[in-house]
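*Asks:* Below is a structure I'd like to ask you about.
Every number here is computed from the coordinates shown, using simple stated rules; none is lab data. This is a predicted model, so every value here is computed, not measured. Note that we place each Cβ from the backbone using ideal geometry, even for glycine, and neighbour counts take in every protein chain shown.
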Amino acid sequence: MARVLIASDKFKGSLTAVQVGAAVRAGIRRARPDASVSVVPVADGGDGTVAAALAAGFDAVPLTASGPTGEPVLTAYARRGDLAVVELADVSGLVRLPEGRPHPMTATSRGTGEVMAAAVAAGCRRIVLGIGGSAGTDGGAGLLEALGARLLDDAGRPVGDGGAALTRVASIDLTALRERMDGVEVIVACDVDNPLTGPLGAAAVYGPQKGADPAQVAELDAALGQWAGR
């Protein structure tokens, strides 16, 4: 008897990983009705990362967090013991933009940090963080703020959300973040290897898919360069 394992990722914009696996399984069984077919959804750190963990036996922990434009969204992380799987795409991603309208300069990763903070508060000591599919280019600044970091301008005021605001960061206070994340291991899951800035950097490569025009890409790239120097 033939045995087939289908390790399916999503077809972004068309099918989820589970749907891909089901379609492939149906095709195999049409050709080989006697085949034993198993479907194991996988993910690359983007959309479907939490779903893949749930398919592997993790438990869903639902919660409400800030979406990329600040509106509340219902999301979830996956948990097994003290391990949490957090998916940026499901809370701070393109799919969470109201009416699909891009906000390339102001979209924030704050909600992802809120989910991480909730997992830590619930006792998780290890976090796998999938960072694909984001709606913004804020260098993780919003995420850090939700975990307790303070990003201040020259007058000691919070700089605000989004990649464009990174140019105003004059000082960073990580005291509360370090206290919250003490003893917590964070593992980043992604399938790309880009430099932060430059022609192959985050803004240049991914900014256009988040709605940034050439001038905005240049502004975001410069902002990320300043952010990296803080």
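*Asks:* For a quick check: sort R126, R96 by the number of other beta carbons within 10 angstrom, fewest at the front.
*Replies:* So the ranking, lowest neighbour count to highest, is R126, R96.
*Asks:* For the chain, what is the calculated [θ] at 222 nm in deg cm²/dmol (nearest 500), taking -39500 (n - 2.57) for each run of four or more DSSP H residues and dividing by its residue count?
*Replies:* The helix contribution divided over the chain gives -9000 deg cm²/dmol.
*Asks:* Report, in degrees rounded to the nearest 10, the 0 to 90 angle that the Cα long axis of helix 110-121 makes with the longest principal axis of the chain.
*Replies:* Once rounded, the angle reads 70 degrees.
*Asks:* Where does each of R230, R79 land when they are ranked from fewest to most other beta-carbon atoms within 10 angstrom?
*Replies:* With the fewest neighbours first, R230, R79 line up as R230, R79.
*Asks:* Once the other residues with Cβ under 15 Å from the Cβ of A202 are scored (Lys, Arg +1; Asp, Glu -1), what is the net sum?
*Replies:* -4
*Asks:* Also, quick follow-up: Could you work out which residue, out of I131, I28, I187, moves most in a Gaussian network model of the chain, that is, has the largest mean-square fluctuation with Cα springs under 10 Å?
*Replies:* I28
*Asks:* Could I ask something else about it? Which whole-angstrom value gives the distance between the alpha carbon centres of segment 12-40 and segment 202-230?
*Replies:* Taking the Cα centre of segment 202-230 as reference, the centre of segment 12-40 is 39 Å away.
*Asks:* Another question, if that's okay. Obtain the nm distance between the two label points defined at D154 and L15 by a simple spin-label model: each point lies 7 Å from its Cα along the Cα-to-C-beta direction.
*Replies:* Inter-label distance under the simple model: 5.6 nm.
*Asks:* Another one. Which of E87, E185 has the fewest other C-beta atoms within 10 Å, and how do the rest follow up to the most?
*Replies:* E185, E87
*Asks:* Compute the label zone of L5 within segment 24-42: residues whose backbone N is under 18 Å from the point 7 Å along Cα-to-Cβ.
*Replies:* 24-25, 35-42
*Asks:* Report, largest value first, the span of the C-alpha coordinates of segment 22-160 along each principal axis, in whole Å.
*Replies:* Ordered largest first, segment 22-160 gives principal extents of 71, 36, 21 Å.
*Asks:* Quick check for me: using +1 on Lys/Arg Cβ and -1 on Asp/Glu Cβ, what's the dipole size of the chain about its Cα centre, in debye to the nearest 20?
*Replies:* Around 820 debye, computed over the chain.
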